[in-house]
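Here's the structure we're looking at; comments come further down.
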Amino acid sequence: MASKGAEIPLWRDGFFWLALLLTVFAVAPFALPGYFWGANDARHHVYFLFEYNRLVEDGIWWPRWSPDFAFGYGYPFFNIYGPLSHFVATLFLRFGGFSYTAAVETVFGLGIVASAAAMYAYVRSMLGRHAALVAAVIYTYAPYHLLVLYVRGNLAESSAFVWLPLCLWTFRQSVRQPSLGWIAGAAVSYAGLLLTSNLIFILFTPLLMLYILALLWTGAISVPAWPRRLWTLARAALSPILGGVLGIGLGAAFLIPLIVERNFVRTDQWFDGRYDFRDDFLYFFQWFSPNWGFGVSQAGPDDPIGFQIGAVLLIFAVIGFGVAWRSRVWRGEVAVLGLVAVGAAVVGWVPFAPLWDWPVVGGVLQFAQFPWRWLPMTVLCLSVLAAFVAEEKTRTATSLSLPTLMLVSIAILGSYPLLQVQISEPAEGPVGLAALMRFQRDADEMTGSTAWVREIPTWSPMAERYVVELDEAGLPVTPIESIVDYEAVDYETIAVGSVRHSTVMEEVYFCTEPGARPGDCTPRSDQQIVFNHFYYPGWRAYLLDGRNGNIVEELPIVPEGCLLPEEVAAGVDGVACPPFPGYGEAAARIAQETRDSVLGRMVVPVPAQGEGFILLRYEDTPARTLGQWISLGSLAVWVLVVLGAVVMRRRVGS
């Protein structure tokens, strides 16, 4: 069911523009001079953008490896973390002349406006313009949404608030009004959420599936005979299934490597210590407590920051649920929305803590990392239910009514005291490599490690160079020109020198047992080059033709202390060496010699030819290549679907 207002194009809908205008109070704090460096994740996202831009400078617009994280040992950050919000910020940085902080704040602000627009479009298609206005405003000013923006400062999660109502809207329309256009819209919405926040994508997918099932059942329940009812269900399910599959296909370039290669990073860092979910369950009063503070969440009822659902949001939603339940038309949808709203909240409630340790259920719940991370689903569902407060008697109204104006005003005023950010100076200094190293050291953040790292580093030669040798000495801080560990070189037996270097590759020259004259090199088979980067799938090493630079052969990369196949078979504790055809004596020797090493850095054996060039390069793995081809194919299909939708619309119009 849709109102007459839904027939008006959005760009001609005055209520739509009013909904966007009313977000100004939520956007305004980001226009303050300075930056909210003290917010939980605000610094992280500046340096995520810093790393993204570092790779873009080398021509890599889809980065996977972050060379400066983990004190310069490197980390495959964008291989496991949705890159879309930082891609958008990079556009402002590079083409708009924005600073790092201004680019991040701009994406925060645009996300607020876009989330209101998405919620308005979704609810308008269901309940009309008045209800859509109420939903958009109350969604914008929901306390937990503001917490994500101002206190947690999480760019990816706040950007996900845009895609959540877009997914509900497009998938709902694909069920109610099946067409190629809505299939394409559902695909983009679902892929956009995946590429923005894979964590929210996982938490949201069960809600989306339940919602679609409710829509399908509501549409088929009126068909009396079961055979026809099943046929009606199957036919109606086709469009959302195609939209979902196409959306996953569009995001496959990110999703497949995430699934296949996630186990090659140490996940214990995400769930142990201060990240232990057992310290972050909420107490009943916290859902309604007016306390609002800044800082980091702490265990127990005296948490300095608030996780309130919001009295206005909850009251409106309860009334809206009651209004909607009186009509059979809405019972299926509001039942799902109400169930998920309550369920997403109570799984983070102290009495339900044992669920998180159950074998299967606990595995699903722990995807959220923290119990309160399920609250975006609560905010989303309650905001839609709240819209039903304005649904009755105003569905076909064309002018702003006094009741609607009052509802909108109450929603804004109810959260007005929360509209504040805590501006501070960066403790680490201006954005740059030295500040990044200080941040990692002082906050113990962005020090993720790969599976081959047995002891998480707390400093590095790269960090020492950036902070002490350059920054504290008053010299310009420029990126290192080589990741070769020259301290590990025995200059009496081998000479090594970097020829070319970038964020994802290095070419080095080697000469074993160099003599007095250049080029006087003696063949040896017991030398190796150590690179100051953690090993991770995708790094490959090659021996090059010194004259033309062509690849002669691939060389094995041995992570320090990795286990040989026979050691793995014998049950030795550790992580296996990466597979390599013809794993030879040199690689086995390195694995044994580095058994006591804990960093998991890459070691490449030097060929026994005396002199040559070795190229170390970060490349695509089979999982990344497969994902990219699936995404390209899906993009081609998506374009055809859009073209088909345009053609069909023109035919209908003529």
- Exactly one of 318, 323, 329 is within 23 Å of residue 351 (Cβ to Cβ), among the hydrophobic types (A, V, I, L, M, F, W, C) and either in the same structural domain as residue 344 (by TED's automatic domain parsing) or in contact with a Cys (Cβ under 7 Å, 6 or more places away or on another chain) (or both), and that one is 318
- Item | Among (1) buried (at least 22 other Cβ atoms within 10 Å of the Cβ); (2) within 30 Å of residue 47 (Cβ to Cβ), the one test that residue 261 misses | (1)
- Item | Every residue from region 509-539 that is of a type in the set (A, V, I, L, M, F, W, C) and farther than 22 Å from residue 602 by Cα | 516, 521
- Message: Restricting to region 42-76, count the residues that are crowded, with 21+ Cβ neighbours inside 10 Å, in a helix (DSSP H, G or I), within 15 Å of the chain's Cα centre (by Cα) and of a type outside the set (Val, Ile, Thr).
- Response: 7
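Test residue 49 against the stated conditions and say whether it is in the same structural domain as residue 314 (by TED's automatic domain parsing), more than 30 Å from residue 384 (Cβ to Cβ) and touching a Pro at 6+ places or on another chain (Cβ under 7 Å).
Taking the combined requirement at face value, the residue does not satisfy it.
Only residues that are exposed (fewer than 15 other Cβ atoms within 10 Å of the Cβ) and not in a helix (DSSP H, G or I): list them for region 559-573, please. Step through it out loud before you land on a result.
Step one: list which residues in region 559-573 are exposed (fewer than 15 other Cβ atoms within 10 Å of the Cβ), which gives 565-566, 568-573.
Selection gives 570, 571, 572, 573.
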- Task: Kindly indicate whether any position in region 390-402 is in a loop (DSSP other than H, G, I, E, B) and under 21 Å from the mean Cα position of the chain (by Cα).
- Result: no
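So if I check each of 399, 409, which one is modelled with pLDDT of 95 or more, assigned by TED's automatic domain parsing to the domain that holds residue 140 and out of contact with any helix residue (DSSP H, G or I) (no Cβ under 8 Å at 6 or more places or on another chain)?
409
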- Message: Name the single residue that is surrounded by the most Cβ atoms within 10 Å (Cβ to Cβ) among those in region 144-159 being out of contact with any Phe, Trp or Tyr (no Cβ under 8 Å at 6 or more places or on another chain), of a type outside the set (D, E, K, R) and in a helix (DSSP H, G or I).
- Response: 159
- Message: Given the criteria part of a helix (DSSP H, G or I) and closer than 15 Å to residue 201 by Cα, does residue 186 qualify?
- Response: yes
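Going residue by residue through region 594-607, is there one that turns out to be over 30 Å from residue 177 (Cα atoms), basic (Lys, Arg) and at pLDDT below 95?
Taking region 594-607 first, the residues over 30 Å from residue 177 (Cα atoms) are 594-607.
Then keep just the ones that are basic (Lys, Arg); that gives 595, 601.
Subsequent filtering for residues that are at pLDDT below 95 retains 595.
Scanning region 594-607 turns up at least one residue that is over 30 Å from residue 177 (Cα atoms), basic (Lys, Arg) and at pLDDT below 95.
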- Per the filter on region 429-452, residues in contact (Cβ under 8 Å) with a residue 24 or more places away in the chain and not aliphatic (A, V, I, L, M) are 429, 432, 438, 439, 440, 441, 445, 447, 448, 449, 450, 452
- Query: Is it the case that residue 92 is outside any helix (DSSP H, G or I) and either closer than 24 Å to residue 625 by Cα or among the hydrophobic types (A, V, I, L, M, F, W, C) (or both)?
  - Reply: no
- Just wondering, is there one or more residues in region 546-558 that are charged (D, E, K, R), more than 21 Å from residue 490 (Cα to Cα) and assigned to a loop (DSSP other than H, G, I, E, B)? yes
- Task: Take residue 346 and decide whether it is exposed (fewer than 13 other Cβ atoms within 10 Å of the Cβ), under 25 Å from residue 379 (Cα atoms) and among the aliphatic types (A, V, I, L, M).
- Result: no
- Message: Scan region 592-603 and tell me whether some residue there is under 26 Å from residue 551 (Cβ atoms), free of Cβ contacts under 8 Å to residues at least 24 places away in the same chain, out of contact with any helix residue (DSSP H, G or I) (no Cβ under 8 Å at 6 or more places or on another chain) and surrounded by fewer than 17 Cβ atoms within 10 Å (Cβ to Cβ).
- Response: no
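So, residue 311, is that one of a type in the set (A, V, I, L, M, F, W, C) and closer than 30 Å to residue 217 by Cβ or not?
Numbers: of a type in the set (A, V, I, L, M, F, W, C): yes; closer than 30 Å to residue 217 by Cβ: no.
Considered against the rule, which asks whether it is of a type in the set (A, V, I, L, M, F, W, C) and closer than 30 Å to residue 217 by Cβ, residue 311 comes out as no.
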- Checked 491, 536 against criteria (part of a loop (DSSP other than H, G, I, E, B) and crowded, with 20+ Cβ neighbours inside 10 Å); the one match is 536
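Pick from region 223-236 the residues that are surrounded by 14 or more Cβ atoms within 10 Å (Cβ to Cβ) and more than 14 Å from residue 173 (Cβ to Cβ): which of them is modelled with the lowest pLDDT? Reasoning before the result, please.
Pass one, region 223-236, residues surrounded by 14 or more Cβ atoms within 10 Å (Cβ to Cβ): 223, 229, 232-233, 236.
Of the ones still in play, those that are also more than 14 Å from residue 173 (Cβ to Cβ) are 223, 229, 232-233.
Working: 223: 61, 229: 70, 232: 76, 233: 83.
Ranking the candidates gives 223 first.
Report whether or not residue 608 is more than 29 Å from residue 76 (Cβ to Cβ) and either surrounded by 21 or more Cβ atoms within 10 Å (Cβ to Cβ) or in contact with a Gly (Cβ under 6 Å, 6 or more places away or on another chain) (or both). Spell out the reasoning first.
Working: more than 29 Å from residue 76 (Cβ to Cβ): yes; either surrounded by 21 or more Cβ atoms within 10 Å (Cβ to Cβ) or in contact with a Gly (Cβ under 6 Å, 6 or more places away or on another chain) (or both): no.
Judged against the criteria, residue 608 is not a match.
Report whether or not residue 480 is among the aliphatic types (A, V, I, L, M), assigned to a loop (DSSP other than H, G, I, E, B) and either at pLDDT below 95 or not assigned by TED's automatic domain parsing to the domain that holds residue 261 (or both). Give the steps one after another, and end with the answer.
Numbers: among the aliphatic types (A, V, I, L, M): yes; assigned to a loop (DSSP other than H, G, I, E, B): yes; either at pLDDT below 95 or not assigned by TED's automatic domain parsing to the domain that holds residue 261 (or both): yes.
Answer is yes for this residue.
How many residues does region 469-512 hold that are among the small types (Gly, Ala, Ser) and either within 34 Å of the chain's Cα centre (by Cα) or farther than 23 Å from residue 459 by Cβ (or both)? Even if it seems obvious, please write down each step before you answer.
Applying the first criterion (among the small types (Gly, Ala, Ser)) to region 469-512 yields 473-474, 482, 488, 495, 497-498, 502.
Imposing the further condition that a residue be either within 34 Å of the chain's Cα centre (by Cα) or farther than 23 Å from residue 459 by Cβ (or both) reduces the set to 482, 495, 497, 502.
Summing the residues that are among the small types (Gly, Ala, Ser) and either within 34 Å of the chain's Cα centre (by Cα) or farther than 23 Å from residue 459 by Cβ (or both) in region 469-512 gives 4.
If the requirement is being within 30 Å of residue 512 (Cα to Cα) and modelled with pLDDT of 90 or more, which of these qualifies: 616, 640?
Values: 640 fails: within 30 Å of residue 512 (Cα to Cα).
Only one candidate passes the filter, namely 616.
With region 216-320 as the region, which helices (runs of 4 or more DSSP H) entirely inside it contain at least 3 residues that are hydrophobic (A, V, I, L, M, F, W, C) and in contact (Cβ under 8 Å) with a residue 40 or more places away in the chain? Steps first, please.
Details: elements: 226-250, 252-261, 268-271.
Where helices (runs of 4 or more DSSP H) fall fully within region 216-320 and carry at least 3 residues being hydrophobic (A, V, I, L, M, F, W, C) and in contact (Cβ under 8 Å) with a residue 40 or more places away in the chain, they are 226-250, 252-261.
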- Any pair with Cβ under 8 angstrom, 6 or more apart, that starts in region 100-126 at a residue that is free of Cβ contacts under 8 Å to residues at least 24 places away in the same chain and assigned to a helix (DSSP H, G or I) and ends at one that is among the β-branched types (Val, Ile, Thr) and surrounded by fewer than 24 Cβ atoms within 10 Å (Cβ to Cβ): 110/88
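Within region 595-619, how many residues turn out to be in a loop (DSSP other than H, G, I, E, B) and closer than 18 Å to residue 534 by Cβ? Explain how you work it out, then say what you get.
Taking region 595-619 and keeping what is in a loop (DSSP other than H, G, I, E, B), we get 595-600, 606-610, 619.
Filter once more, so that each one left must be closer than 18 Å to residue 534 by Cβ: 595-600, 619.
Residues in region 595-619 being in a loop (DSSP other than H, G, I, E, B) and closer than 18 Å to residue 534 by Cβ: 7 in total.
The values are calculated or read from the model by the stated rules, or taken from the named source; none is laboratory data. From a predicted model like this one, the values you see are computed outputs, not experimental measurements. Every residue, glycine as well, gets a Cβ built from its backbone with ideal geometry; the counts of neighbours run over all protein chains shown.
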